[in-house]
Amino acid sequence: MSEPTKTQLVVIGGGPGGYAAAFFAADSGLSVTLVDMEPNPGGVCLYRGCIPSKALLHVAKVASEAKHASHWGLTYAEPKIELDKLRTFKDSVVGKLTGGLGQLSKQRKITYIQGKATFIDAKTLSIEAVTGGGASIKGTGKTQTLTFDNAIIATGSYPTKIPGLSLNSDRVMDSTGALDLPEIPGTLLVVGGGYIGLELGSVYAALGTKVTVVEMTDGLLPGADRDLVTYLARRLETTLHKILLKTRVTGMEEAKKGVKVLMEGEGLADADKAQVFDRVLVSIGRRPNSAVPGLDKTGVKVSDKGFIQVDAALRTATPNIFAIGDVVGEPMLAHKASHEARVAVEAIMGHKVAFEPQAIPAVVFTDPEVAWCGLTETEAKKQGRKVEIAKFPWAALGRALAIDRPDGMTKLVIDPETERILGVGMVGAGAGENIAEGVLAVEMAALATDLKLSIHPHPTMSETLMEAAEVFFGHSTHVYRPKKK
Ligand code: FAD
């Protein structure tokens, strides 16, 4: 083992939490070491999450628009899918972004170590150099010791397995396996109706697979307001083969040409109780990756659910160790991780800071997209909080009709006393882009009047926010909904 080196800050994990923290800390003048097992920063988000899934969803969108174009007198032939080219496109997007982060890291004079970090104590790490990338990452046995003033743990999360039902078969995939696009299976069962399952299920459906989704609860996207989900469910019923709600997978076994899946559910047809699928995608959630080797030697505390416990400044029970991103809690989203990163670095710099956002947006990049931020109607009900809801249907919007996508809605969750915007929900084509204005409205404590009086460009989907605010006052231009006296 070589002589220990010293750094002011070590960041363990190079995802959107870790690299944002490392970059901001280096820009703020700290000496920084960033450790991750991949050859470049990027984490789950860039290598096997947000980015590759969105590259594939873009292709799915083009395929579905081309198909739908026959309604407008534009008929294309059935697409010829070249999987190798599609994979190359997706991988090139990932390569460009992660390579770019590697460059940015060098420019900032960050010491990037491709390795696996193990805590020796609350001031020292042992790092084993690794080689390769993705599934081919291998330890080299060569270790170095690093002492640090402060550490930020940003080790992310990993896919949950179905308890007691693991089947060691290539045909059973998690999101990482599905993003590898091993083939276009004839049939695919997606276990879990959350956002990852629905996004990836939509990709495969657009490529021609017969996709069935099985979800344990009584609706897709648990957590999102039901009126938003209805629009998505309606469209998925036409693009997916089947959606089985209130249904559980109870067994999986290897069959001759696929995986035999046993299911139990309310009102499940006998034919659906045992079916063979070419492939199964298990996407039932993610677990925090808090099993960092040696963490028990640092005094850092972990909750029953496996999340590293932190205070509002993202500081763990050990004052010089911070944690951010998926490993500290929900929502497990890249932009939450990056914003926590800045707070943790500020705290290390001695500033008095807290991570207290009013609105962390969530976007489901299905077709249509579902997006929300701030207080949802469901949460308001749970809290017994009185709110007023103002909804604007996209069917009344020029732009939505012009692109033949009237299947959408924008809703505002408003405090009836102060008329403050507490939350925004949207479903429809491009909702994920437009929710950003909702985030600003909630964070800036905008009133319904502010949205109503801000001149929105015409014709755009953004007008739905303005019109929803007009609905609240009972004088929307494009829907007639007088205010109740
Ligand atoms: P991660 O990105 O998980 O990175 C953690 C890193 O730590 C990994 O690179 C890992 O190799 C490294 N690591 C772990 N242990 C060690 C160790 N001991 N030593 C060294 N390195 C270690 N979020 C969104 O906001 N929008 C989306 O559209 C979106 N889509 C997604 C789609 C899919 C299919 C998946 C799986 C996730 C998606 N997410 C999305 C979630 C998003 O990827 C995560 O919220 C985000 O990556 C969390 O960032 P993080 O920095 O906490 O950790």
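Starting from the stretch 146-213, pick out the trypsin sites (Lys or Arg not before Pro) whose DSSP state is loop and whose Cβ has at most 16 other Cβ atoms within 10 Å. Spell out each step's value before the answer.
Numbers: sites: LYS161, ARG171, LYS210; in loops: LYS161, ARG171.
Passing sites in the stretch 146-213 are LYS161.
As a check on your grasp of the helix formula, calculate [θ] at 222 nm for the chain: sum -39500 (n - 2.57) over DSSP H runs of n ≥ 4, divide by the residue count, round to the nearest 500.
Rounded to the nearest 500, the figure is -9500 deg cm²/dmol.
Put +1 on the Cβ of each Lys and Arg and -1 on the Cβ of each Asp and Glu in the chain; which of LEU198, THR143, ALA22 then has its Cα farthest toward the positive end of the dipole?
Final value for the positive-end residue is THR143.
First measure r as the distance between the Cβ atoms of ILE184 and ARG481, then evaluate 1/(1 + (r/R0)^6) with R0 = 56 Å and state the FRET efficiency to the nearest 0.05.
0.75
Sort PHE365, PHE392, PHE355 by heavy-atom solvent-accessible area, probe 1.4 angstrom, most to least. Don't skip to the end; give the middle numbers.
Numbers: PHE365 75, PHE392 0, PHE355 50 Å².
Largest accessible area first, the list is PHE365, PHE355, PHE392.
List the residues whose amide H sits under 5 Å from the amide H of ILE360, counting only those 5 or more places along or on another chain, with H placed 1.01 Å from N in the peptide plane.
Here GLY374 satisfy the definition.
Collect residues whose amide H, placed 1.01 Å from N in the peptide plane, falls under 5 Å from the amide H of GLY423; neighbours closer than 5 in sequence don't count.
Counting only residues 5 or more places away or on other chains, the set is LEU375, VAL413.
For ARG226, ARG405, give the ranking by accessible area with the largest first, probe 1.4 Å. Intermediate values should be presented prior to the final figure.
Working: ARG226 105, ARG405 20 Å².
Correct descending sequence by accessible area is ARG226, ARG405.
For the stretch 329-411, which trypsin sites (Lys or Arg not before Pro) pass both filters: DSSP loop (anything but H, G, I, E, B) and at most 14 other C-beta atoms within 10 Å?
Here the sparse-neighbourhood loop sites are LYS352, ARG385, LYS386.
Determine the equivalent ellipsoid of the stretch 172-284 by diagonalising the alpha-carbon gyration tensor, then write out the semi-axes as square roots of 5 times the eigenvalues, largest first, rounded to whole Å.
Listed largest to smallest, the semi-axes of the stretch 172-284 are 21, 17, 12 Å.
If we count every other residue with Cβ under 14 angstrom of ALA354's Cβ, Lys/Arg +1 and Asp/Glu -1, where does the sum land?
The answer is -1.
Multiply the residue gap between GLU356 and GLU266 by 0.36 nm, knock off their C-alpha separation, and tell me the result in nm, one decimal place.
Here the segment from GLU356 to GLU266 would lengthen by 28.3 nm.
Heavy atoms only, probe 1.4 Å: what % of the accessible area of the chain goes to carbon and sulfur, would you let me know?
54 percent
Whole Å is fine, so just give me how far the alpha carbon centre of the stretch 6-59 lies from that of the stretch 166-182.
Comparing the Cα centres of the stretch 6-59 and the stretch 166-182, I get a distance of 25 Å.
If packing is taken as the average number of other Cβ atoms within 10 Å across a peptide's residues, how do 11-21, 103-113, 243-253 rank, most packed first? The partial results should precede the final answer.
Values: 11-21: 30.5, 103-113: 16.2, 243-253: 17.9.
Taking the mean over residues of other Cβ atoms within 10 Å, the ranking is 11-21, 243-253, 103-113.
Once amide H atoms are built 1.01 Å from N in the peptide plane, which residues 5 or more positions from TYR112, or in another chain, come under 5 Å H to H?
Residues meeting the criterion, in which the H sits 1.01 Å from N, are LEU34.
Ratio of Rg to Rh for the chain, alpha carbon only, Kirkwood?
Numbers: Rg = 24.0 Å, Rh = 24.3 Å.
Dividing the radius of gyration by the Kirkwood radius yields 0.99.
Per 10 Å bin, what is the whole-percent P(r) computed from every C-alpha pair distance within the stretch 152-231?
15, 45, 31, 9, 1
As an exercise, identify the chymotrypsin sites (Phe, Trp or Tyr not before Pro) in the stretch 443-485 lying in DSSP coil whose Cβ has no more than 13 other Cβ atoms within 10 Å. Display every interim value, and only then the final one.
Numbers: sites: PHE472, PHE473, TYR480; in loops: TYR480.
Sparse-neighbourhood loop chymotrypsin sites (Phe, Trp or Tyr not before Pro): TYR480.
Per residue, how much accessible surface does the chain expose to a 1.4 Å probe? Answer in Å², no decimals.
On the way: 23010 Å² over 485 residues.
About 47 Å² of surface per residue is accessible.
Ordered by residue, what ³J(HN,Hα) values in Hz, to whole numbers, does the stretch 99-108 give under the Karplus form 6.51 cos²θ - 1.76 cosθ + 1.60, where θ = phi - 60° and Gly and Pro are x?
After applying 6.51 cos²θ - 1.76 cosθ + 1.60, I find x, x, 5, x, 5, 4, 5, 5, 4, 8 Hz.
Could you rank the peptides 454-466, 28-40 by their average count of other C-beta atoms within 10 Å per residue, with the highest value first? Please report the intermediate quantities before stating the final value.
Working: 454-466: 17.5, 28-40: 21.1.
Sorting 454-466, 28-40 by mean packing, highest first, produces 28-40, 454-466.
So what is the relative contact order of the chain, in percent, for Cα pairs below 8 Å that sit 6 or more residues apart?
14 percent.
The values are calculated or read from the model by the stated rules, or taken from the named source; none is laboratory data. This structure is a prediction, so every number in the text was calculated from the model and none was measured. Cβ atoms come from the backbone with ideal geometry, glycine included; neighbour counts cover every protein chain shown. Side chains are part of the model used for accessible areas, which takes the heavy atoms of the whole protein and leaves out ligands, DNA and RNA. Shrake-Rupley method; radii C 1.70, N 1.55, O 1.52, S 1.80 Å.
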